[in-house]
């Protein structure tokens, strides 16, 4: 029954509804695929027994006519989401063998709708990274390889496990999170669809915090429609998150396939950066042509503060992280390394528990928030952030959505950029603006580069207008007719 | 702006991360590289710009100040590195 793993989520749900196969059969096929793909290192914890139990319960619900929206669909869960009784590590040694005694709101919503959990997915430590190489569990490997090559490529990050598992058909979809591009860049690197919804759409409750004013959960899937189905379940107002928006969640799948005729699409000229591969520029032009063919009107717009988004992000995000990660002190949970006194115990536990990139960001955050530097760095960055948000507001006075590349390159080899932090940060140059402004952004696979690696295009929408992104995303998906899949080598 | 070894030592202390002396020089270089790249923010005119502290345009929601859950020490203590009865065991705090 290995064909069951190559179904889209939508077709699998239809098959379950038609009783063409059971959730136990569907789940078993995925459990076997996960076991056979350990060389990808996508999962940090497999939960096959729990998965089969959940699948059996789903089949019983379906037999009694009470199936939910996602009933019986096996999914992977990024290890940043706390799952009750199931080890959740955020890719960090400092959290150790932590078993949450509660369930994150987003995953609780998925289980409410009947989904099945296959296990926990690898990620950069505390979601800080763009290549999955900062994970305490070692890097995830991209199922894609260059044509004729066998170098191990990064699936991107921080949601590298989610991206790799979805692309390699180990699960029908996955949860992910995005603070500066951590859903969209891995989606681009693996030929998958990923959407970071509007800030406040998905509850952050029970998701290990990185930078609270930027963090947002979203799905990764193999089609735009699958992403829409997943987001409809994941989203929703939650009183337990004070920044969760008290708004209704539309049925996002109803926007898929809708006409985009007459929509005005902005093309921000500042996203044409020096040194960007010609192929990415060409793909962007192709995307513009596709949307024009679909009846959209193309408008050049200006987002003048774009180049300042990354430096502003590298003040705001580390500042928030240094505060959020202060809780890891070895006292109540996680790793404790005994020292000669209380402070020594804190310092030793944190030195041993955090990896190099996380320490770097905590130090930067502590520095920019420290006495004498707060105004010069932190306050300045918050003002630049306002400028960036204002740029978008002006653009959205003229257009309905924006089209840009997702990332400035295709997937690169593991190890290629790990010794230069700033070079690694530049991966998020096109995605980070969206987090700063709190807007929704989606990456859709649009083509392959000359070496056969996938490239994505990004759509950016108005706050709470994910619906338009799903319509435009499905128009791009249809025009691109992206059917390439990684050749199985694992 | 260049960050020197003394500043790294101080910041690491504030962040409660033990960084060995021999690593401070490398860290100072890395952090200086990042901060130098960040300096370009100085080019942006931000006079009179209101700092953006939240991506959500709504007032903070209020709720009744009542206990919603709790009263289960087993749940609270289940991940503790060291415990004695219903207490966490921690290093001596007051000398």
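Laboratory data are not the source of any read-out in this text; all were calculated from the coordinates shown. Bear in mind that the values here come from a model prediction, so they are computed numbers and not experimental data. Every residue, glycine as well, gets a Cβ built from its backbone with ideal geometry; the counts of neighbours run over all protein chains shown.
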Alpha-carbon centroid distance for the pair region A:400-470 / region A:340-361, whole angstrom: 33 Å
Using alpha-carbon coordinates, inclination of helix B:5-14 to the longest axis of chain B, degrees: 20 degrees
Average partner coverage of A:199-205, which counts Cβ from other chains inside 10 Å: 1
Largest-first ellipsoid semi-axes for chain A, taking √(5λ) over the Cα gyration tensor eigenvalues, angstrom: 30, 29, 21
Fraction of the pair-distance distribution of region A:95-158 above 15 Å, Cα-Cα pairs, percent: 65 percent
Taking A:86, A:141, A:166, A:116 and counting other C-beta atoms within 10 Å, the order from fewest to most: A:86, A:141, A:116, A:166
Rounded Å value of the spacing that divides the Cα centres of region A:121-149 and region A:250-315: 26 Å
Relative exposure of A:237, A:30, A:305, B:57, judged by other C-beta atoms within 10 Å (fewest first): B:57, A:237, A:305, A:30
nm² value of the averaged projected area, convex hull over the Cα atoms of region A:2-258: 13.1 nm²
Gain on full stretching of the segment that runs from residue A:273 to residue A:479 - 0.36 nm per residue minus C-alpha separation: 71.6 nm
Considering only chain A, percent of DSSP beta bridges that pair antiparallel, nearest 5: 70 percent
Part-to-part distance (alpha-carbon centres) for region B:37-95 and region A:7-38, which is given in Å: 40 Å
Order of B:47, A:344, A:71, A:428 under a 10 Å beta carbon neighbour criterion, fewest first: B:47, A:344, A:71, A:428
Residue B:62-residue A:289 pseudo-label distance in nm [points 7 Å out on the Cα-to-Cβ vector]: 5.9 nm
DSSP bridge orientation in region A:2-258 - percent antiparallel, rounded to nearest 5: 65 percent
Calculated [θ] (222 nm, deg cm²/dmol) that DSSP helices of n ≥ 4 give over chain A, each run adding -39,500 (n - 2.57): -11000 deg cm²/dmol
Contour excess over end-to-end distance, with Cα ends at residue A:38 and residue A:423 and 0.36 nm allotted per residue: 135.7 nm
